[in-house]
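Every number in this text was worked out from the coordinates using simple rules, so none of it is lab data. Everything quoted here is computed from the prediction, not taken from an experiment. Because the Cβ atoms are built from the backbone with ideal geometry, glycine has one as well, and the counts that use them run over all protein chains shown.
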2 protein chains.
Amino acid sequence: MLAVLAGGVGAARFLRGLVQIVPTDEIVVVVNTGDDDVFHGLHVSPDIDTITYTLGNGINPDTGWGLAGDTFRVLGALERYGAPTWFRLGDADLATHLYRTERLASGSTLSEVTADIARAWGLGFTVVPMSDDPIATRLSTPDGEELRMQEWFVQLRAGPEVTAVRFEGAATARAAPGVIEALREAEAIVVCPSNPIISIGPILAVPGVLEALQARRARVVGVSPIIAGATVKGPADRLLRSLGHEVSCVGVARLFSAWCSTLVIDEADEARAPQVAAVGTSAVVAPTLMTGPAEAAALARVVLDAVGIAHT
Amino acid sequence: MLAVLAGGVGAARFLRGLVQIVPTDEIVVVVNTGDDDVFHGLHVSPDIDTITYTLGNGINPDTGWGLAGDTFRVLGALERYGAPTWFRLGDADLATHLYRTERLASGSTLSEVTADIARAWGLGFTVVPMSDDPIATRLSTPDGEELRMQEWFVQLRAGPEVTAVRFEGAATARAAPGVIEALREAEAIVVCPSNPIISIGPILAVPGVLEALQARRARVVGVSPIIAGATVKGPADRLLRSLGHEVSCVGVARLFSAWCSTLVIDEADEARAPQVAAVGTSAVVAPTLMTGPAEAAALARVVLDAVGIAHT
């Protein structure tokens, strides 16, 4: 069994490669829920949905979120009531949030609903939220305001400087059923090329996760989401810089080295490999830009080879 | 000020006439909420919405419910999750239910949300639910099952025989703010041509309403929804028969006579006028079929004339 730590778009693209080269029923994906938020009373889980829709072949390929060909009738009609509509929820996408919210209100856990939604989309692997308890990523700005992830990233287009990040609720949250077990028992643990601060960071903040990873350090392999000092998508570079980290695969290695033995870095960063090794993490150099499913599968092969896992 | 007791489609059509002949800010419409139900976790108020959409010029004229030109993307997408979709909620319609549900969850009362929704649709009159407390119309069937109104009417297409009707929650409910005051202070109280059993019946079941109506009996005027032994729309005839009432304007007069002094009956029922009078209710004969706004206005004039209210 393989355990995978995942954020949204980057993780979804990597998983499209991974499912091609190992049996899907051997994959357990632990997904960040620090970005979860409530819109119009509905529980939205952006990273879980991006993974589910992408692997279920429903994703809008142009945006990396939402469903291809979706319409925005409900949101348009909500404007009549003065409801805030900056978070663009499509109509078919909204059905997922309605279903999730109703199930949660009826007493199901986020894990249970997530598993049922994944099944409904035909996913062959296990998708599990990092926690069934609410954990909210909060970003501090210089004027003292604290923003939720979607406020900062979507509403304010990642405009304000970020001076600190915390994960509200993490201290008292429990890992979702199966998460710690998966980390303990997996043949290898793969860290997707996701935002180290706000995608992988919240997962690490769940009690027990960091300890479980440290105990398995030799079997943990990550992929740097930073290529040549920048991210392919999302605000990882901006956040790393704001928080005083080096915006490079070396900066990522420093953040991960306590619990991650091996980091796959892009061939563009080959010259940085010795510096990655210097922080105690083995560097594997490979093309990491996933321009399509074939490139994603090639990257997944590199990742599994790095920890000696068989694949096709 | 005029108080109006209202169900859904028949009441909405009558109101389209009434608003043409009296200043709208003098109209308070008390609406049945016994049909309210929860679908996909959302609070749906069918009669309030039919009135709001009709008077806001949004109604689907072919069905009498829902919005003209609405799409059903959300409902279609919910089928993936096995959610029941027999209650046809359109996408723009769903925005209303989302907004209402979120407001209720945030502590607003149904009255408050209803007023804001009416305002958003540009309605000039006051729309008030009969109660802010939940009251559910329950229909008993011969096999002992008890159905909610929408289950019986929409899901089962009014198929099962109905042996009894009760209004769950009514005994402990309170009339919404302003309802009893409106009935006490109105120059006249108009009972729309709505289903006597399941549209007007629930309003009468709200503590204080029947007493207030009895005290104002001379100022209460109704319109029979039964024309020549049948309803124009809906299951009123079927329900009256099932429950042992005469399916005629006379049957309606018997149900209303304790608190309603005057009943407008259709010209097709002119020969029954003496029988209506015999149960103690004055009969006013007029065309009551509201084929369009002009006919609705003409009927509204007859109704106001019957209780001596000035109009244009």
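Data for the structure
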| item | result |
| --- | --- |
| Antiparallel bridges, percent of DSSP beta bridges restricted to region A:168-279 (to nearest 5) | 25 percent |
| Point-to-point label distance, residue B:24-residue B:86, nm (Cα→Cβ direction, 7 Å offset) | 3.7 nm |
| Ascending count of other beta-carbon atoms within 10 Å, so fewest first, for B:15, A:147 | A:147, B:15 |
| Of the chymotrypsin sites (Phe, Trp or Tyr not before Pro) in region A:79-161, those whose Cβ has at most 13 other Cβ within 10 Å and which sit in DSSP loop | A:86 |
| Efficiency of FRET from Cβ geometry, residue A:63 and residue A:271, R₀ 41 Å, rounded to 0.05 | 0.75 |
| Taking region A:108-176 and dividing mean pair separation by its residue count, relative contact order in percent (alpha carbons under 8 Å, at least six apart) | 36 percent |
| For region B:22-27, Karplus couplings with θ = phi - 60° (6.51, -1.76, 1.60), whole Hz, Gly/Pro x | 9, x, 5, 6, 9, 10 |
| Neighbourhood charge, 10 Å Cβ-Cβ cut-off, centred on residue A:58 and excluding it, Lys, Arg +1 and Asp, Glu -1 | -2 |
| Inter-chain shielding of B:69-77 (mean C-beta neighbours from other protein chains, 10 Å cut-off) | 6 |
| Value of relative contact order over chain A, rounded to a whole percent, pairs C-alpha under 8 Å and six or more apart | 20 percent |
| Efficiency of FRET between residue A:158 and residue B:164 - r from beta-carbon atoms, R0 60 angstrom, step 0.05 | 0.50 |
| Formal net charge of residues neighbouring residue A:93 (Cβ-Cβ distance under 13 Å; K, R +1; D, E -1) | +1 |
| Gyration tensor (alpha-carbon) shape descriptor, region B:260-312, a/c threshold 1.5 | oblate |
| Gaussian network model of chain A, springs between alpha carbon atoms under 10 Å - residue of A:119, A:138, A:73 with greatest fluctuation | A:73 |
| Rounded to the nearest 20 debye, dipole of region A:87-167 from Cβ charges on Lys, Arg, Asp, Glu | 160 debye |
| Part-to-part distance (alpha-carbon centres) for region A:146-167 and region B:208-235, which is given in Å | 58 Å |
| Per-residue average of Cβ from other chains inside 10 Å of A:101-107 | 3 |
| Förster radius 35 Å - calculated FRET efficiency between residue B:71 and residue B:215, Cβ distance, rounded to 0.05 | 0.15 |
| Student exercise, region A:39-113 dipole from Lys, Arg, Asp, Glu Cβ charges, in Debye to nearest 20 | 180 debye |
| Under 5 Å, built H, 5+ apart or other chain: amide partners of residue A:284 | A:263, A:264, A:265 |
| Using a 7 Å Cα-to-Cβ projection, residue B:168 label spacings across copies, nm, ascending | 3.6 |
| Peptide A:89-96 - average C-beta neighbours from other chains (10 Å radius) | 6 |
| Residue with peak Gaussian network fluctuation, chain A [Cα springs, cutoff 10 Å], from A:178, A:64, A:82 | A:82 |
| Rule-of-thumb Rg ratio for region A:141-233 [Cα; 2.2 N^0.38 Å; N residues] | 1.26 |
| Dipole axis of chain A (+1 Lys, Arg; -1 Asp, Glu on Cβ), positive-most option in A:128, A:142, A:54 | A:142 |
| With 10 Å bins from 0: P(r) over the protein assembly as shown, alpha-carbon pairs, percent | 3, 15, 22, 18, 12, 11, 9, 6, 3, 1, 0 |
| Interchain or long-range residues, amide H under 5 Å from residue B:27's placed H | B:2, B:126 |
| For region A:99-171, alpha-carbon Rg over 2.2 N^0.38 Å | 1.41 |
| Anisotropy class of chain A from Cα gyration tensor, a/c 1.5 cut | prolate |
| In order through region A:264-272: 3J(HN,Hα) via Karplus (6.51 cos²θ - 1.76 cosθ + 1.60), integer Hz, x for Gly, Pro | 8, 10, 6, 4, 5, 9, 3, 5, 8 |
| Magnitude of the charge dipole, chain A, Cβ model with Lys/Arg +1 and Asp/Glu -1, debye to 20 | 260 debye |
| Estimated 222 nm signal from helices in chain B, with DSSP H stretches of n ≥ 4 weighted -39500 (n - 2.57), rounded to 500 | -10000 deg cm²/dmol |
